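Below: the structure, in structure tokens.
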Amino acid sequence: MLTASAFAYAVIGKVIDGNIQVPDQVGRLHVMAGGATATLVSLGLIAAAILCAGFGIVQGLRIGRSPSFFSVAMLLLIVWWFVGLVLLRPVQLSLDQAVLAGAAVVMVVGVIMSPPVDRTLVILNVIRDAMVAGSLAFSLLRPAQGQLPCREDKCGVFGGMYTGFYFHENVAASGVLLLMPALLVARSRLYVLAAIAGLGTLVLATGSRTGILTFVLGVFVVIYGQWRMEDDEGELVNPWPRWPLPVRALPLLAFAGSSYLFLSAADDELTGRGVVYSGIRDAMTGAELIFGGGTDVVERISGGWVMGEHGQAPHLLVHAGIVGMLVFTFAMVASMLMKHPTRSQFMGLGFLIVASSQFVTEPGWELAVRSVDFVSILITTGLMATGAVVAVGKIPSRLGNARDSSVAVANPHPRARRVSQ
């Protein structure tokens, strides 16, 4: 529901409401909404997602679950963000922003209590592929609304920079790429190749350099991950697949790299990002260092010219303070030390690894409920929450699902069992 909400807001906003970007008197671009349909549909889908999360919490209470350190840390991060945003800075928020922040806490608890199953990832594959096809078609058929002109240092393979249903080429690539690891449950090799080809075409059409890096890492995660998930019969049901330590360390290293650049970059470095970083460092003082500075810090320090923090570390500092950064670091360490993940946790690590490719230059996991970033956070947190049971839904193989089965992995890893004996 939340994935559909994130994509529907962009699609309906451009196609039905006719949202456009217009410059103000000094040239700053602002989105002008032509209607409220996108907002209403998006909020309706979010309400449905909250309802589903509520049912998940009730179901989880009946079953009883013991979440992983990673999932507990991500829950603490979202709760801390909610406290700093709603309770400490209520005057900066509109009613819908406060409601969405509270919904974020409910949804994280929901996916921890009732984790996603293979059926969930199959649905994500269908939604993602539809968005890829729609973005390519919209940009091709309506270039005035779906493309940006090439820059001196950047251009897509078709002569412009495809933006699809968004207003920036990087966002058009990022959203669908964050859902690429859902292909780990795909059984059909032909379907996997077709999905990868579609994603690669869109990324090259946008000209997004970060998108290309994410795509390459995503291809590795899907191909290597499926190989490790196969059992002796070639089915994707191996209950104890593993990522190598260097791969598991990528999220922590990426976040460390983002932190280093944020703290050390001078104003004239990193193609303008240095100015944003230094402005954030100067603006964050006192209580803001602990709880975060609110949703408009970058907009205030840049006079409205810049809207994003351009890195996971500055994004977390702005929205959740030093405490949020420390909790996030703990989550990255916990994921790296997960030596014997279950099949579910293995797939969750795949989502985290792909998202980490954006940590250095962009907030790969943005704390914004109405975004695919938050969908990635929820899916990863849910998959990593517990490995007690992996439930596989009965979906036709042409849609990319593994065979119909339920793999019980409540017993400890064989190596751990030998040690205990």
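Please treat every number below as a calculation from the coordinates, not as lab data. Quantities reported herein were computed from a predicted structural model and do not represent experimental measurements. FYI the Cβ positions are ideal-geometry reconstructions off the backbone, even for glycines, and counts take in every protein chain you see.
Placing +1 on the Cβ of every Lys and Arg and -1 on the Cβ of every Asp and Glu, with nothing else charged, gives the chain a dipole about its Cα centre of roughly 1260 debye.
The amide H of Q147, built 1.01 Å from its N in the peptide plane, has T163 as neighbours under 5 Å, considering only residues 5 or more places off or on other chains. Would you mind ranking L199, L253, L177, L141 so that the residue whose beta carbon has the fewest other beta carbons within 10 Å leads the list? By the 10 Å Cβ count, ascending: L141, L253, L199, L177. Phi angles of the stretch 49-63 translate, via the Karplus equation with coefficients 6.51, -1.76, 1.60 and θ = phi - 60°, into HN-Hα couplings of 5, 5, 5, 4, 4, x, 4, x, 5, 4, 5, x, 5, 6, 7 Hz per residue; Gly and Pro are given as x.
Taking every DSSP helix (H) stretch of at least 4 residues in the chain, weighting each as -39,500 (n - 2.57) and dividing the sum by the residue count yields a mean residue ellipticity at 222 nm of -19000 deg cm²/dmol.
Along the charge dipole of the stretch 266-366, pointing to its positive end and built from +1/-1 on Cβ of Lys, Arg, Asp and Glu, which listed residue (Q358, P314, T295) has its Cα farthest out? So the residue we want is Q358. In the stretch 2-420, taking the dipole from charged Cβ atoms about the Cα centre, the farthest positive-side position among S264, I127, V203 is held by I127.
Give the calculated FRET efficiency between V216 and H340 to the nearest 0.05, with a Förster radius of 22 Å applied to their Cβ-Cβ distance. With a Förster radius of 22 Å, E is 0.20.
Apply the Kirkwood formula to the chain: the hydrodynamic radius equals the inverse of the mean of 1/r over all pairs of different alpha-carbon atoms; give it in Å with one decimal. Show your work: numbers first, answer last.
Working: mean 1/r = 0.0455 Å⁻¹.
Hydrodynamic radius (Kirkwood, Cα pairs) of the chain is 22.0 Å.
Using DSSP, restrict attention to beta bridges with both residues in the stretch 2-420 and report what percent are antiparallel, rounded to the nearest 5.
On the way: 10 of 10 bridges.
Looking only at bridges with both residues in the stretch 2-420, the antiparallel portion is about 100 percent.
Ordered by the count of other Cβ atoms within 10 Å of each Cβ, fewest first, R189, R228, R128 give R189, R228, R128.
Sorting H168, H340, H310 by the number of Cβ atoms found within 10 Å of their own Cβ, with the fewest placed first, yields H340, H168, H310. Helix 189-206 and the long axis of the chain differ in direction by around 10°, with both axes built from C-alpha atoms.
Residues of the stretch 272-311 with an amide N closer than 20 Å to a point placed 7 Å from the Cα of L253 along the Cα-to-Cβ direction: 311.
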